[in-house]
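A.B. asks: Would you mind keeping the following structure in view while I ask a few things?
The values are calculated or read from the model by the stated rules, or taken from the named source; none is laboratory data. Because the structure is a prediction, the values reported are computed rather than measured. Here the Cβ is made from the backbone with ideal geometry for all residues, glycine too, and neighbour counts use every protein chain on show.
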Amino acid sequence: MTPQLDRLVLLQDTSRRGAAFCGLLSEKVDLWLQQLWENAGGPATGAALVAVGGYGRSELSPGSDIDVYLLHEPKTPVSALAESIWYPIWDEGIKLGHAVRSVKETLALASDDLDTATAILSARHIAGDPKLAEELAVKGDELWRKRSKRWLDEMDVRVRSQHRESGEVAFLLEPDLKNGRGGLRDVHAITWAERAGMSLLPGDHEAILEAYEVVLSARVELQRRTGRHSDVLLLEEQDAVSAALGFNDADVFMRALSTAARTIAWVSDELWFRVRSSLDGPTRRKLRRDEKALVGVVVRDGSVALAAGAEPANDPYLVLRVAVTAARNDARIERTTLDRLAESKPLTTPWSEEARRLFVELFLAGRPAVQVVETLDQRGLWEPIFPEWSVIRCRPQRNAYHRFTIDRHLCEAAANSAALVDRVDRPDLLVVGTLLHDIGKGRPGDHTDVGVGLIAEIAPRMGFDEGDTLILQQMCRHHLLLADTATRRDLSDDGTISFVADSVGTLTCLRLLDALTEADSLATGTAAWGSWKEELVGVLVDRVAHVLSGGSVADATDTGFPTAHQRDLLAQRRRIIEAVDDQIVVISPDRPGLFSRVAGVLSLNGLTVLEAAAHSADNQMALEQFRVQSNFDSEIPWDRVIRDLEKALDGRLALAARLDERSKTYRRPRRLPGLVTHPEVIVDNGLSHEATVLEVRAPDGVGVLWRITRALHELDLDITSAKIQTIGTDAVDSFYVRDSEGRKITDHDYLGEIRRSLLYSLERASSN
């Protein structure tokens, strides 16, 4: 009888985590394979079963492959033996990495293939002839050292490529625990580099082991929970993994994971820098003299170091000068220099002009500043400069909208802002304000209000005067103003432009907020900034700038809608549908529900509405204008859309039924924690002079816009304009509406019915 691998008991035993779990699972697999070997009549000599790769390291996670070699002496028949072992493994549903070779053949392959060469570094005897396993391990190690220069060079390239593809474990919302920078594969690469003759610096080995256990434990619990070979810790799995590891709060767990990954990344970067230096050698290495090096600082061999005679204990600005020099040259800071900088004299309070200038110059260097800050923070040198950093360090933002931890988000945003300084009068306020805009996160209360309060303390400490402090507070207070207004409000409405102009106050602040908005959005996530959002923010800024420069609001909001051409079409008093690029215009006899029907047809054809405008002419004709984008990154099928529109407007299309059918077959996007858990309706009667603004927030899905607009139609509301936005997996849509007599809705009972109707429609949709 074929022996079975009973993993269920071990999987259910949550007392074993990380390396302890992996070790015990590897032992169970060892015993099982030994039984398979015996049942198959495996010989004691001439052939051997050898564990390699992660299995050889006794690092089997619940979803790991089993990598084994069947080694054999030349001319020893092993085909039947191999089948007797491989098939039971496959029958267990386990992915098997296997090979049948002689030791000589394996070594020949390892001489040219990095994956094979690293796999046999962990070769471990399972069953059969132990001499074959020992021979492979010894000769594989010899071959590795012999060809170490080639392998180190190739590993260096591979490690960097891996990081580019998988991102960073420490700072990403959904980290790749194995392949990301600071993940398990980095630790493996460090181990392989050590086998090639490289050595870690004092203290790094212990730090790596501790950090490795944290990341490995997370991977084990992730795969234990999901039952899948998955290395990406998705947002929806983080609470469960956290609880399984004994954390009461997933945020605390993710901070611990981030801290561990930062340690691994730090040690890895240090090691591979020394690897590259050793490979380059004295003849290839560029010995640069940096003309930008500051007092007490030198650049040598691509690294920043302290100059002879520099005394950190007597120089409070030395840390900042080292940081600026490193950022300007995109260079690392020598380890010994970092150790000595720990002796630095603290900055005076308030900062001197030199300290403030150096701090600003660090971030004006752009992208390299991110890694410099990370280096200083890793060695405990950043918090003395910026004490508030401790609260946001490694703190996750566990929603679908933000990609990075808070600390990395702020660094990324500040680095982005350096490329936008030409837009503003005060580059120093731009980079500092961008760095501080989310400083209130991680503390109780509204993060914007908290941030404004913190800046009242931080800015004077940095040496900014009262006027500059107020501007920095304004940047924090209104850091979401331009983006939210541009994407959710009607930019042709006088009230919108007046509101933003009054809030911002000055052209200086407007320009700073404009640059901050772009820098912040680019640092948030891929969905947070695009051509559409950039265009809308640009329009808003131009119109507000016109008003702040003394121009009239009426001139600023004159959009020319409807155009002269559209007025001519309206005068024809017949149905006309025109589609060009990403816009469609529908002219039709004015009738209830026109907007809703058009929105439904667009949704039916896989199109997302970005914005819409409506106009009713005196001749009983209506104009609806929609700007859309395809959900499938394909060309918009306008011919089909127009055919469906004609049917819908003639009452020949079962729109409700068709949308319900599509909703049932539509593959919904993975639902992530986001801004909205349940539909909500926000009423704003103060922003627009002529209309009531309804902001509707709901989980996105097929036909959401149609359901909303149909509910508004049923209540006899006229939609004059709409802004449609998807944030993560949420729809955040705004509608400017008037009653049947063209007035704002001020009756509280009526507003209550509107809210009730919208919520009912959306909640019914989400339950389907």
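A.B. asks: Looking at the range 129-162, which of its residues are among the β-branched types (Val, Ile, Thr) and crowded, with 17+ Cβ neighbours inside 10 Å?
C.D. replies: Filtering the range 129-162 down to residues among the β-branched types (Val, Ile, Thr) leaves 138, 157, 159.
Scanning the range 129-162 gives a single hit, 159.
A.B. asks: Let me ask another. Return a yes/no flag: does the range 143-160 have any residue that is closer than 30 Å to residue 236 by Cβ and modelled with pLDDT under 95.
C.D. replies: From the range 143-160, those closer than 30 Å to residue 236 by Cβ are 159; that's our starting set.
When the remaining residues are screened for being modelled with pLDDT under 95, the result is 159.
Yes: one or more hits.
A.B. asks: If we scan the range 129-146, do we find a residue that is of a type in the set (Gly, Ala, Ser), closer than 20 Å to residue 82 by Cα, touching a helix residue (DSSP H, G or I) at 6+ places or on another chain (Cβ under 6 Å) and assigned by TED's automatic domain parsing to the domain that holds residue 39?
C.D. replies: Step one: list which residues in the range 129-146 are of a type in the set (Gly, Ala, Ser), which gives 133, 137, 140.
Still in the list and also closer than 20 Å to residue 82 by Cα: 133.
If we keep only those that are touching a helix residue (DSSP H, G or I) at 6+ places or on another chain (Cβ under 6 Å) as well, we get none.
No: the range 129-146 contains no residue that is of a type in the set (Gly, Ala, Ser), closer than 20 Å to residue 82 by Cα, touching a helix residue (DSSP H, G or I) at 6+ places or on another chain (Cβ under 6 Å) and assigned by TED's automatic domain parsing to the domain that holds residue 39.
A.B. asks: Quick check: anything in the range 92-106 part of a helix (DSSP H, G or I) and more than 17 Å from residue 78 (Cα to Cα)? Step through it out loud before you land on a result.
C.D. replies: Within the range 92-106, the subset part of a helix (DSSP H, G or I) is 103-106.
If we keep only those that are more than 17 Å from residue 78 (Cα to Cα) too, we end up with none.
Within the range 92-106, none of the residues are part of a helix (DSSP H, G or I) and more than 17 Å from residue 78 (Cα to Cα).
A.B. asks: Could you grab me the full set of residues in the range 523-547 that are of a type in the set (A, V, I, L, M, F, W, C) and either surrounded by fewer than 19 Cβ atoms within 10 Å (Cβ to Cβ) or farther than 18 Å from residue 495 by Cβ (or both)?
C.D. replies: So in the range 523-547, the residues of a type in the set (A, V, I, L, M, F, W, C) come out as 523, 527-529, 532, 536-537, 539-541, 544-545, 547.
If the condition is that a residue be of a type in the set (A, V, I, L, M, F, W, C) and either surrounded by fewer than 19 Cβ atoms within 10 Å (Cβ to Cβ) or farther than 18 Å from residue 495 by Cβ (or both), then 523, 527, 528, 529, 532, 537, 539, 545 are the ones that fit.
A.B. asks: Quick one: is residue 446 surrounded by 23 or more Cβ atoms within 10 Å (Cβ to Cβ), closer than 30 Å to residue 255 by Cβ and not assigned by TED's automatic domain parsing to the domain that holds residue 689? Give the derivation first.
C.D. replies: Numbers: surrounded by 23 or more Cβ atoms within 10 Å (Cβ to Cβ): no; closer than 30 Å to residue 255 by Cβ: yes; not assigned by TED's automatic domain parsing to the domain that holds residue 689: yes.
No.
A.B. asks: Among the residues of the range 195-209, is any within 18 Å of residue 177 (Cα to Cα), in the same structural domain as residue 262 (by TED's automatic domain parsing) and charged (D, E, K, R)? Working first, answer last.
C.D. replies: From the range 195-209, those within 18 Å of residue 177 (Cα to Cα) are 207-209; that's our starting set.
Keeping just the survivors that are in the same structural domain as residue 262 (by TED's automatic domain parsing) gives 207-209.
Cutting the leftovers down to charged (D, E, K, R) gives us none.
Among the residues of the range 195-209, not one is within 18 Å of residue 177 (Cα to Cα), in the same structural domain as residue 262 (by TED's automatic domain parsing) and charged (D, E, K, R), which makes the answer no.
A.B. asks: Here is a check on your reading of the model: is residue 253 under 22 Å from residue 62 (Cα atoms) and of a type in the set (Phe, Trp, Tyr)?
C.D. replies: Numbers: under 22 Å from residue 62 (Cα atoms): yes; of a type in the set (Phe, Trp, Tyr): yes.
Considered against the rule, which asks whether it is under 22 Å from residue 62 (Cα atoms) and of a type in the set (Phe, Trp, Tyr), residue 253 comes out as yes.
A.B. asks: Tell me, which strands (runs of 3 or more DSSP E) lie completely within the range 576-686 with 3 or more residues that are modelled with pLDDT of 90 or more and more than 25 Å from residue 745 (Cα to Cα)? Talk me through it step by step, then tell me what you get.
C.D. replies: Numbers: elements: 576-580, 583-589, 607-616, 621-630, 680-684.
Counting at least 3 such residues, we get 576-580, 583-589.
Residue-wise test of (1) of a type in the set (A, V, I, L, M, F, W, C); (2) touching an Asp or Glu at 6+ places or on another chain (Cβ under 9 Å).
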{"site": "513", "(1), (2)": "yes, no"}
{"site": "520", "(1), (2)": "no, yes"}
{"site": "526", "(1), (2)": "no, no"}
{"site": "531", "(1), (2)": "no, no"}
{"site": "536", "(1), (2)": "yes, yes"}
{"site": "544", "(1), (2)": "yes, no"}
{"site": "558", "(1), (2)": "no, no"}
{"site": "564", "(1), (2)": "yes, no"}
{"site": "572", "(1), (2)": "no, no"}
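A.B. asks: Moving on. Residues in the range 228-245 that are in contact with a strand residue (DSSP E or B) (Cβ under 9 Å, 6 or more places away or on another chain) and under 11 Å from residue 173 (Cβ atoms): how many?
C.D. replies: Of the range 228-245, the ones in contact with a strand residue (DSSP E or B) (Cβ under 9 Å, 6 or more places away or on another chain) are 231-233.
This time we only want the ones that are under 11 Å from residue 173 (Cβ atoms), so: 232-233.
Residues in the range 228-245 being in contact with a strand residue (DSSP E or B) (Cβ under 9 Å, 6 or more places away or on another chain) and under 11 Å from residue 173 (Cβ atoms): 2 in total.
A.B. asks: Are there any pairs with C-beta distances below 9 angstrom linking a residue in the range 340-356 that is modelled with pLDDT of 95 or more to a residue that is of a type in the set (Ser, Thr, Tyr), with the two at least 6 apart or on different chains, and if so which?
C.D. replies: Note: pairs meeting the criteria are 352/317; 354/317; 355/317; 355/348.
A.B. asks: Something else: From the list 396, 387, 444, which residue is touching a Ser or Thr at 6+ places or on another chain (Cβ under 6 Å) and either aromatic (Phe, Trp, Tyr) or not in a helix (DSSP H, G or I) (or both)? So that I can check it myself, show each step before the final result.
C.D. replies: Numbers: 387 fails: touching a Ser or Thr at 6+ places or on another chain (Cβ under 6 Å); 444 fails: touching a Ser or Thr at 6+ places or on another chain (Cβ under 6 Å).
Testing whether each residue is touching a Ser or Thr at 6+ places or on another chain (Cβ under 6 Å) and either aromatic (Phe, Trp, Tyr) or not in a helix (DSSP H, G or I) (or both) leaves just 396.
A.B. asks: I'm checking my understanding of the structure. Among residues of the range 1-25 that are in a loop (DSSP other than H, G, I, E, B) and among the polar types (S, T, N, Q), which one is modelled with the highest pLDDT? Break it down into steps so the answer makes sense when it comes.
C.D. replies: Residues of the range 1-25 in a loop (DSSP other than H, G, I, E, B): 1-7, 13-17.
When the remaining residues are screened for being among the polar types (S, T, N, Q), the result is 2, 4, 14-15.
Values: 2: 61, 4: 62, 14: 76, 15: 80.
The residue in question is 15.
A.B. asks: Determine whether residue 115 is among the acidic types (Asp, Glu), in contact (Cβ under 8 Å) with a residue 60 or more places away in the chain and assigned to a helix (DSSP H, G or I).
C.D. replies: Numbers: among the acidic types (Asp, Glu): yes; in contact (Cβ under 8 Å) with a residue 60 or more places away in the chain: no; assigned to a helix (DSSP H, G or I): yes.
No: the conditions fail for residue 115.
A.B. asks: Then there's this: Among the residues of the range 470-490, is any buried (at least 17 other Cβ atoms within 10 Å of the Cβ), at pLDDT below 95, more than 28 Å from the chain's Cα centre (by Cα) and not in a helix (DSSP H, G or I)?
C.D. replies: Yes; the residues of the range 470-490 include at least one that is buried (at least 17 other Cβ atoms within 10 Å of the Cβ), at pLDDT below 95, more than 28 Å from the chain's Cα centre (by Cα) and not in a helix (DSSP H, G or I).
A.B. asks: Of the residues that sit in the range 240-280 and are under 23 Å from residue 390 (Cβ atoms) and of a type in the set (Val, Ile, Thr), which one is surrounded by the most Cβ atoms within 10 Å (Cβ to Cβ)?
C.D. replies: Filtering the range 240-280 for residues that are under 23 Å from residue 390 (Cβ atoms) and of a type in the set (Val, Ile, Thr), the one surrounded by the most Cβ atoms within 10 Å (Cβ to Cβ) comes out as 264.
A.B. asks: What residue, of 520, 555, 568, is over 28 Å from residue 640 (Cβ atoms) and either hydrophobic (A, V, I, L, M, F, W, C) or surrounded by fewer than 17 Cβ atoms within 10 Å (Cβ to Cβ) (or both)? Break it down into steps so the answer makes sense when it comes.
C.D. replies: Values: 520 fails: either hydrophobic (A, V, I, L, M, F, W, C) or surrounded by fewer than 17 Cβ atoms within 10 Å (Cβ to Cβ) (or both); 568 fails: over 28 Å from residue 640 (Cβ atoms).
Every option except 555 fails the conditions.
A.B. asks: If we keep just the residues of the range 223-282 that are assigned to a helix (DSSP H, G or I), polar (S, T, N, Q) and at pLDDT 90 or above, which is nearest to residue 13 (Cα to Cα)? Quick ask: steps written out before the conclusion?
C.D. replies: Within the range 223-282, the subset assigned to a helix (DSSP H, G or I) is 223-226, 235-244, 250-282.
Now drop any that are not polar (S, T, N, Q), which leaves 223, 226, 238, 242, 258-259, 263, 268, 277-278.
Right, trim to at pLDDT 90 or above and you get 223, 238, 242, 258-259, 263, 268.
Values: 223: 14, 238: 20, 242: 16, 258: 26, 259: 27, 263: 29, 268: 33 Å.
The extreme case among them is 223.
A.B. asks: Okay, next question. Condition first: out of contact with any strand residue (DSSP E or B) (no Cβ under 6 Å at 6 or more places or on another chain) and in a helix (DSSP H, G or I). Now tell me which residues in the range 59-85 satisfy that.
C.D. replies: 79, 80, 81, 83, 84, 85
A.B. asks: Let me ask something else. For residue 455, only one of the following conditions fails: (1) buried (at least 19 other Cβ atoms within 10 Å of the Cβ); (2) under 17 Å from residue 391 (Cα atoms); (3) touching a residue at least 24 places away in the same chain (Cβ under 8 Å). What is its number?
C.D. replies: Among (1) buried (at least 19 other Cβ atoms within 10 Å of the Cβ); (2) under 17 Å from residue 391 (Cα atoms); (3) touching a residue at least 24 places away in the same chain (Cβ under 8 Å), residue 455 violates only (3).
A.B. asks: Somewhere in the range 54-72, is a residue closer than 24 Å to residue 110 by Cα, free of Cβ contacts under 8 Å to residues at least 24 places away in the same chain and hydroxyl-bearing (Ser, Thr, Tyr)? Don't jump to the end; show me each part of the working.
C.D. replies: Step one: filter the range 54-72 for residues closer than 24 Å to residue 110 by Cα, giving 54-60, 64-72.
Narrowing further to those that are free of Cβ contacts under 8 Å to residues at least 24 places away in the same chain: none.
No, that holds for no residue.
A.B. asks: OK, next. Can you tell which of 126, 89 is at pLDDT 95 or above, over 30 Å from residue 393 (Cα atoms), of a type in the set (Val, Ile, Thr) and buried (at least 18 other Cβ atoms within 10 Å of the Cβ)?
C.D. replies: Working: 89 fails: at pLDDT 95 or above.
The match here is 126.
A.B. asks: Out of (1) modelled with pLDDT of 95 or more; (2) of a type outside the set (Gly, Ala, Ser); (3) within 33 Å of the chain's Cα centre (by Cα); (4) assigned to a loop (DSSP other than H, G, I, E, B), the odd one out for residue 322 is which?
C.D. replies: Going through the list (1) modelled with pLDDT of 95 or more; (2) of a type outside the set (Gly, Ala, Ser); (3) within 33 Å of the chain's Cα centre (by Cα); (4) assigned to a loop (DSSP other than H, G, I, E, B), residue 322 breaks only (4).
A.B. asks: Filter the range 201-213 down to residues that are assigned to a helix (DSSP H, G or I) and surrounded by fewer than 20 Cβ atoms within 10 Å (Cβ to Cβ), then give me how many there are. Spell out how you get there, then give the answer.
C.D. replies: Residues of the range 201-213 that are assigned to a helix (DSSP H, G or I), as a first pass: 204-213.
Now narrow it down to the ones that are surrounded by fewer than 20 Cβ atoms within 10 Å (Cβ to Cβ): 204-207, 209-210, 213.
Adding up the residues that qualify gives 7.
A.B. asks: May I pose another question? Taking the range 590-640 on its own, how many of its residues are in contact (Cβ under 8 Å) with a residue 24 or more places away in the chain and of a type in the set (Asp, Glu)? Even if it seems obvious, please write down each step before you answer.
C.D. replies: So the first thing to find is which residues in the range 590-640 are in contact (Cβ under 8 Å) with a residue 24 or more places away in the chain, and the list is 590-617, 619-632, 636-638, 640.
Add one more test, that the residue is of a type in the set (Asp, Glu), and what stays is 590, 611, 624.
Qualifying residue count, the range 590-640: 3.
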